[in-house]
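**Q** Structure incoming, see below.
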Amino acid sequence: MTYWLAQCQLRDVTRHLVWLLVLLMPSIAKAAEGTPTPPRLPSNISAFVQEDVQFLQEETVVSAIRREQPISEAPSNVYVITAEDIRQSGATDVPTLLRRVPGMEVMQSTAGVYDVSARGNNQLFANKLLVMVDGRSIYFDYQGGVNWRLLPVTLPEIERIEVLLGPTSALYGFNAFDGVVHILTKDPAEMDNTVLQVGGGEFGTITSAAVYSGTRDQWRYRLSTGLDQAHEWRNRDALAFRAYRGNAQVGYHFTADSKLTLRGGYVATDRYDGPFLRGHRDTSEPSFGYAHVQYTAPRWLIHTWWNRIRDDWDLRSQPPLSDFLSLTDPQGVPRNRGTSHSYDGLAQHTFPLFGTDLTVGANYRHTTVDSNNTNGFQSENRVGLYLQDEWPILSSLRLVSGIRYDLSSGREVTFSPRIALLYRLFEHHTIRLTYSEAYRPPTLSDQHLNVLNTVTIPTMFGPVSTATPVIGSSDVNPEHIRSYELGYQGWFLAHRLRARVNVFYNEISDLISFPGISNPIRARNVGDADVYGGEVGLEAWVTSWLSGFVNGAYQDIDQTITTPDRRRGPEWKVNGGIRLDELPTILHGLSAELAVHYVSAFTQPLHNLFAILAPFGVTAPSERSNAYTLLNVRAGYRFWDDRAEVAFSVFNALNDRHKEHPLGDTIGSRVLGWLTIHL
Amino acid sequence: MTGEDEGRHMLSLFSRPAVNRGCFFLFLSAVLVAVTPSLGLAHKISVLVSSDFAPYHQAIQGFTSQLPAETEIDTYQLKGKILEGREMAKRVRASASDVVLAVGLKAALVAKLEIIDIPTIFCLVLNPEDYGLPTPNMIGIRLRVPSDEQLQSLRSIIPSARTVGLLYDPGKSTRFVTQARKAAQQLGLSLVTREMTRTSDLPTTLRKLLPQIDVLWLVRDSTVITEASIPFLLETALEFRKPVFGFSSGLAQHGATASMSVNYEEVGRQAGGIAKDTLRTGEIALSASRLIAPRRTRLALNLGISRFLGLSPNPQVVQLADSVFGGSSALAQREHEQAPSSLQDITQETTLTP
């Protein structure tokens, strides 16, 4: 950095010398001719013209919102969690923030493990939601799913989180099955030079971040680092997870609208109390590294990225089964050690076509895994081609259409269409009718898994062990979802109140699992499920200092699945929140938020072994999880010209001790203190 | 009474319907008081400001000077940050503001995205059309002096100039250049334009352009005008002995022959006038366009540079100038209080010395 600065200063000096020479040359010539001497320009002219330049600089940092629509025209099916929502929530992680989105399913099994999905399709080791950071997938392609503790971003860096429910492969590509969570980070020009944040409190919870960002000429850069940890809910002295993060980003703006951005980062853990599955509850030390090169211009998007996930699981069965069940690789090693790489390239161009903008894109992804649990090295290739367009049929009716063609190694071609009709009932009131499909092909793990389940049963002749191979299979169909959705969005009371209503019907078929009813246990399609329901929500901005929201979701499931892979989830979820900020007069600086989440009771199918081993003294926990209410509270005070803030937050302030999965930990309340400084 | 009984008693007190109703109505009253506009009393105006920048403050000063003293003014400073600005604009939307003033591009953009129903005036925005401004609830005052007005002034100051050179980025200033071409044609001037998409192209493009023109016309275009390029533009033009017609008095003070710009405080006063009318009628009084030209412009001359270039500006022009600088250093000889009336009638020729 010092070298670079020195280079810049050297360039400045050289530049001024050249100008001086340019200036002096004609002076010398004219003096020789006896003509008037040219006036000397002040050497510090740059300082005098800064005012003129500042108007122009304003233009260079607004490209991100240049094409954004006013709120009255914003799409009704996208829920946005803003940086302010994140700050005011007191949340230490993204899944806690996602609870406020109607239709999102968030299940915390242990202090470290979250499973997140949408619209009744949640499960342990959830794998049907695409999560992206700045346009790059962080979905673990080789085994499916997302590790929410390995997000390569610190909370103060996040500009907003966009949540789109329903299949969206036509727009977002591979794995956008139930929906998309897209985390967008702040432009370095939008951040203070340095942001330091630390939060800490009960259950060994620490969340911290240091972000340094800035701009220089056409360059923008950001460095961030953070440490997050928490202890077990069941044992407040035992570490549940600890993650170290580091990210770097540098961007060069060719023009106000085109830029090249390079990003890279690494997240390491020295403890993670997951993955958490029906049969086993492992501990591991995963790590995640990435690199991302992205070029954006008004009609172009080109990017390439690389993700590396390293797993090191200590395989352990769920405690009630631990005397009977062991999990190992084929050689009997009770560990899963593996590394996976994903390489992705995408090129997208937008053409004008009959007064509309047609977007055409191609996407290629290569994924590899090398693990003792997947028959060694395996790889796959995927190619996707897509088209998107928006057609104004009438002044009040628009058709938004897209289709994606996907080809995965050794599989049949799939087409994922998405068609939405948007009808403006009258000003600021819109109805949207959407039909969409998406596929999730079997992962490398689904195809090549090779582990042993060994069940040992005590008999009068001594223990008898039966080893059952659990084997992946390529002979399975991709999971498929077909979705029908009707939505309404309306603005009332001079845009102080927004109402949104959605009803949906999802046909899900060919779910992939490893049902434990055969020997060997093979991956196969276990059946179909129809999920139907709806969401309704109100958001209100009552005064300049008081805002709030309330929403609810209902869903029901019909299915042909009889194995423990049955879809189960709470029928009802209700969320509400109220926020005070920028209070008038002497209360200025104070802010407070109160958010409540109610989740109705539901059942979660357990592993077959609980029933099989019941005669041997295994007590199966109840499949039922009781209804629970989370009340999360935060209050803060900003001072030092709003550059510093102290706050406290209480998660589960009512201390409603509950389980979100029958085998999971009992979740209690937690108090945290926060300090944030902007320099 | 045991502790348990006492607890039960407290609970029963709290759950009494009358108490509940009382709490409910208390809360409701607080909310109603908060949301109700200040019933016929002082008007409330919210001002969104892009950043801490002197011209923005001057505009706000001009704006407030036009409003009745009892007007309540809430100022929201974006400090250059759009994200925080959007949150501020949400608060403005929920406030009881009668009018919003957005000063600068970022302020205007967050107002565009978040404020739909409150009459909004924006000013000091460079290329509003490129950002979808104004929206139906908005009216804007341009930052650029209209091209025809600039060219008329240019012709008055340097009547012998026939060929005017202009550098611009087609991605940023095409709209302005199209209007400028029409204006030049009407005034009998030849406009020679050169497109630039990268600042690094400036030296070559400028050196090729200068021999072909009589005067270099600088317009605000962020590809052409940067902190580093301004000295280069001025110095190279001097090297080629070509006058420069600029867009700010700062340029005239430091090397341009003349410049025409807006007076920021005057723009604020113009916005204040619109706000006053809006408060009176309840809606923005529209002229033919939602984007209006600045009411008064500001002419600056640098006589030292003129002398060097062999130009003898018409004394009437000098008399009409708002600022006259004697040399390239900060030697402001005079600052007129009043803006010039018109330069159109001044036709006495000055000469360009080869």
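**Q** For the pair A:ALA592/A:TYR423, report the inter-label distance in nm, with labels modelled 7 Å from Cα in the Cβ direction.
**A** 4.6 nm
**Q** With bins 20 Å wide starting at 0, give me the P(r) of segment A:77-678 over every alpha carbon pair, in whole percents.
**A** Per 20 Å bin, starting at zero, the Cα-Cα P(r) for segment A:77-678 comes out as 19, 56, 24, 2, 0 percent.
**Q** For segment A:575-586, take each phi angle, set θ = phi - 60°, evaluate the Karplus expression 6.51 cos²θ - 1.76 cosθ + 1.60, and give the result in whole Hz per residue in order, putting x for glycine and proline.
**A** Computed from phi, the couplings for segment A:575-586 are 10, x, x, 9, 9, 10, 8, 6, 5, x, 6, 5 Hz.
**Q** Residues of segment B:30-159: accessible area per residue at 1.4 Å, in Å²?
**A** Spelled out: the 1.4 Å probe surface of segment B:30-159, per residue, equals 31 Å².
**Q** Accessible area drop of at least 50 Å² (1.4 Å probe, protein heavy atoms): which residues of segment B:109-128 qualify, relative to the chain alone?
**A** B:LEU113, B:ILE116, B:ASP117
**Q** Residues of segment A:308-343 with the amide nitrogen closer than 12 Å to a label point 7 Å from the Cα of A:THR619, along Cα-to-Cβ, please.
**A** Answer for segment A:308-343: A:320.
**Q** Taking every pair of alpha-carbon atoms in the protein assembly as shown, what share in percent sits in each 20 Å bin, from 0 to the bin with the longest distance?
**A** For the protein assembly as shown, the binned pair fractions read 11, 37, 31, 15, 4, 0, 0 percent.
**Q** I've got another one for you. How about B:LYS90: which lysines have a C-alpha closer than 20 Å to its C-alpha, ignoring those fewer than 8 places off in the same chain?
**A** A:LYS186, B:LYS44, B:LYS79, B:LYS81, B:LYS106, B:LYS112
**Q** Here's a follow-up. Just counting partner chain Cβ atoms within 10 Å, what average do the residues of peptide A:100-109 show around their Cβ?
**A** That works out to 0 on average.
**Q** Determine how large the accessible area of A:LEU260 is when every protein chain is in place; take a 1.4 Å probe and give Å² rounded to the nearest 10.
**A** Its accessible surface works out to 60 Å², give or take rounding.
**Q** While we're looking at this one, here's another question. Let me check against my output: what whole-number percent is the relative contact order of segment B:171-234, with C-alpha pairs under 8 Å and at least 6 apart?
**A** It rounds to 35 percent for segment B:171-234.
**Q** Also, I was wondering about something else. When the accessible area of the protein assembly as shown is computed with all protein chains present and a 1.4 Å probe, what percentage of it is carbon and sulfur?
**A** That share works out to 57 percent.
**Q** Right, here's the next one. Starting from the Cα of B:LYS182, draw a straight line to each of the lysines and keep only those under 26 Å, dropping any in the same chain fewer than 8 residues away.
**A** Result set, ordered by chain and number: B:LYS172, B:LYS208, B:LYS242.
**Q** What are the residues of segment A:510-557 that lose 30 Å² or more of accessible area, with a 1.4 Å probe, going from their chain alone to all protein chains?
**A** The answer is A:TRP541, A:VAL542, A:THR543, A:SER544 - residues whose exposure falls by at least 30 Å² when every protein chain is included.
**Q** Rolling a 1.4 angstrom probe over the protein heavy atoms, how many square angstrom per residue are accessible across segment A:77-678?
**A** 38 Å²
**Q** Could you give the length gained on full extension between A:ALA248 and A:ALA268, defined as 0.36 nm per residue of separation minus the Cα-Cα distance, in nm?
**A** Net length gain for the segment: 5.7 nm.
**Q** Averaged over peptide B:43-55, how many Cβ atoms belonging to another chain are found within 10 Å of each residue's Cβ?
**A** 2
**Q** Ok, one more. Quick check: with the 1.4 Å probe, what order do A:THR676, B:THR204 take by accessible area, largest first?
**A** Largest accessible area first, the residues go B:THR204, A:THR676.
**Q** Summarise the partner chain shielding of B:248-254 as one whole number: the mean count of Cβ atoms from other chains within 10 Å of each residue's Cβ.
**A** So the per-residue partner count for this stretch is 4.
**Q** Further question: Hey, with R₀ at 45 Å, roughly what FRET efficiency would A:ASN655 and A:GLU73 work out to, going by the Cβ-Cβ distance, to 0.05?
**A** Result of the calculation: an efficiency of 0.55.
**Q** To the nearest 10 degrees, how steep is helix A:50-60 against the longest Cα principal axis of chain A, on a 0 to 90 scale?
**A** Orientation of helix A:50-60: about 30 degrees from the principal axis.
**Q** For segment A:77-678, what is the relative contact order in percent, using Cα pairs closer than 8 Å and at least 6 residues apart in sequence?
**A** Once divided by the residue count of segment A:77-678, the mean separation gives 12 percent.
**Q** Tell me, in nm to one decimal, what length is gained between A:ASP558 and A:PHE351 on full extension, where the rule is 0.36 nm per residue of separation less the Cα-Cα distance?
**A** Length gained, A:ASP558 through A:PHE351: 70.2 nm.
**Q** Now a separate question. Mind giving me the FRET efficiency for A:ILE457 and A:THR666? R0 is 30 Å, r the Cβ-Cβ distance, nearest 0.05 is fine.
**A** 0.50
**Q** Continuing with this model, one more query. Pop the C-beta distance of B:ASP148 and B:GLU72 into the FRET formula with R0 = 56 Å and round what comes out to the nearest 0.05.
**A** 0.90
**Q** Working with all protein chains in place, sort A:GLU157, A:GLU571 by solvent-accessible area computed with a 1.4 Å probe, largest first.
**A** A:GLU571, A:GLU157
**Q** Mind ordering A:121-128, B:242-249 by average Cβ neighbours within 10 Å, highest first?
**A** Result, highest mean first: B:242-249, A:121-128.
**Q** Note the buried accessible area between A and B here, summed over both chains, with a 1.4 Å probe, in Å² to the nearest 100.
**A** Chain pair A/B: roughly 5900 Å² of buried accessible area.
**Q** P(r) for segment A:167-218: what percent of alpha-carbon pairs falls in each 10 Å bin, starting at zero?
**A** Values per bin, smallest distances first: 19, 25, 23, 32, 2.
**Q** Rounded to the nearest 500, what is the 222 nm mean residue ellipticity of chain A from helices alone, with -39500 (n - 2.57) per DSSP H run of 4+ residues and division by all residues?
**A** -3000 deg cm²/dmol
**Q** Output ³J(HN,Hα) for segment A:248-257: one whole-Hz value per residue in order, computed from phi by the Karplus curve 6.51 cos²θ - 1.76 cosθ + 1.60 with θ = phi - 60°, and x for Gly and Pro.
**A** Taking θ as phi minus 60°, the curve returns 9, 9, 9, x, 10, 9, 6, 9, 4, 10 Hz for segment A:248-257.
**Q** On the full set of protein chains, 1.4 Å probe, figure out the accessible area of A:HIS366 and give it in Å² to the nearest 10.
**A** It works out to around 50 Å².
**Q** Moving on to the next point. What list of ³J(HN,Hα) couplings, whole Hz, do you get for segment A:200-205 from phi and the Karplus terms 6.51, -1.76, 1.60, once you set θ to phi - 60° and write x for glycine and proline?
**A** x, x, 4, 6, x, 7
**Q** On to the next question. Just to be sure I follow: if Rg is taken over the C-alpha atoms of segment A:383-504 and Rh is the Kirkwood radius over the same atoms, what is Rg/Rh?
**A** Dividing the radius of gyration by the Kirkwood radius yields 1.30.
**Q** Here's a follow-up. Whole Å is fine, so just give me how far the alpha carbon centre of segment A:234-294 lies from that of segment B:51-128.
**A** 39 Å
**Q** So how far, in whole Å, is the C-alpha centre of segment A:470-518 from the one of segment A:593-636?
**A** With segment A:470-518 and segment A:593-636 each reduced to a Cα centre, they are spaced 22 Å.
**Q** Simple spin-label model, 7 Å along Cα-to-Cβ: B:ARG280 to A:VAL464 in nm?
**A** Result: 10.0 nm between the two label points.
**Q** Counting only residues 5 or more places away or on other chains, whose amide H sits under 5 Å from the amide H of A:ALA118 once H atoms are built in the peptide plane?
**A** A:GLU105
**Q** Follow-up question, since we're still on this one. Helix A:2-33 against the longest principal axis of chain A: what's the angle in degrees, Cα atoms only, rounded to the nearest 10?
**A** Around 20 degrees separate the two axes.
The values are calculated or read from the model by the stated rules, or taken from the named source; none is laboratory data. Keep in mind that what you see is a predicted model, and the values were worked out from it rather than measured. In this analysis, Cβ positions are derived from the backbone assuming ideal geometry, glycine residues included, and neighbour counts consider all displayed protein chains. Areas reflect the complete protein model, heavy atoms only, side chains present, ligands, DNA and RNA absent. Shrake-Rupley method; radii C 1.70, N 1.55, O 1.52, S 1.80 Å.
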